[in-house]
Amino acid sequence: QVQLVESGGGLVQAGGSLRLSCATSGRRFSSNTMTWFRQVPGKQRELVATISSDGSINYADAVRGRFTISRDNAKNTIYLQMNSLKPEDTAVYYCRVIWGPLDYWGRGTQVTVSS
């Protein structure tokens, strides 16, 4: 059974940092692109950052320069280092991987940034 489990969220003041983790199990995703999304209640889920199997990275404009995505294939885990956090970064953060026709999501971790 494939599972993606996010962790590391919490409450932080503006300007602070958090490091999110997404641990995967049940299948190895070292050859797959992994993605972080976030969602605010009442709004569409938005892409935050992606990292491909060859290490290519893309960021949403809103987080470029502040967030860093990385992966540790040996640990089957991806990370999202979030610095200089802003209140508008408040959201539930999800990780996602697509394996062929299958689309796997974690349950999310809440990030709340106070002003």
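Numbers for the structure displayed
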read-out	value
Whole-number accessible area per residue in Å² for the chain, which is evaluated in the context of all protein chains at 1.4 Å	54 Å²
Radius 13 Å from Cβ of residue 63, net charge of other residues (Lys, Arg +1; Asp, Glu -1)	0
For residue 85, distant residues with modelled amide H under 5 Å away	15, 16
Estimated vicinal HN-Hα couplings, Hz - region 17-32 in sequence order (Karplus 6.51, -1.76, 1.60; Gly, Pro = x)	9, 9, 10, 8, 10, 9, 8, 10, 8, x, 6, 8, 10, 5, 9, 10
At 1.306 mPa s and 10 °C, Stokes D of region 69-115 from Kirkwood alpha-carbon radius, µm² per second	126 µm²/s
Percent carbon-and-sulfur accessible area, the chain, ignoring ligands, DNA and RNA, probe 1.4 Å	47 percent
Heavy atoms of residue 2 accessible to a 1.4 Å probe, total area in Å² rounded to 10	30 Å²
Per-selection metrics, the chain (Cα): Rg and Dmax in Å	13.4, 42
Region 21-88, dipole about Cα centre (Lys/Arg Cβ +1, Asp/Glu Cβ -1), debye to the nearest 20	160 debye
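The values are calculated or read from the model by the stated rules, or taken from the named source; none is laboratory data. Only a predicted model underlies this, so the values are computations on that prediction, with no experimental measurement involved. Please note: Cβ atoms are built from the backbone with ideal geometry, for glycine as well, and neighbour counts cover all protein chains shown. Just so you know, the surface numbers come from the protein's heavy atoms only, side chains and all, with ligands and any DNA or RNA stripped out. Shrake-Rupley method; radii C 1.70, N 1.55, O 1.52, S 1.80 Å.
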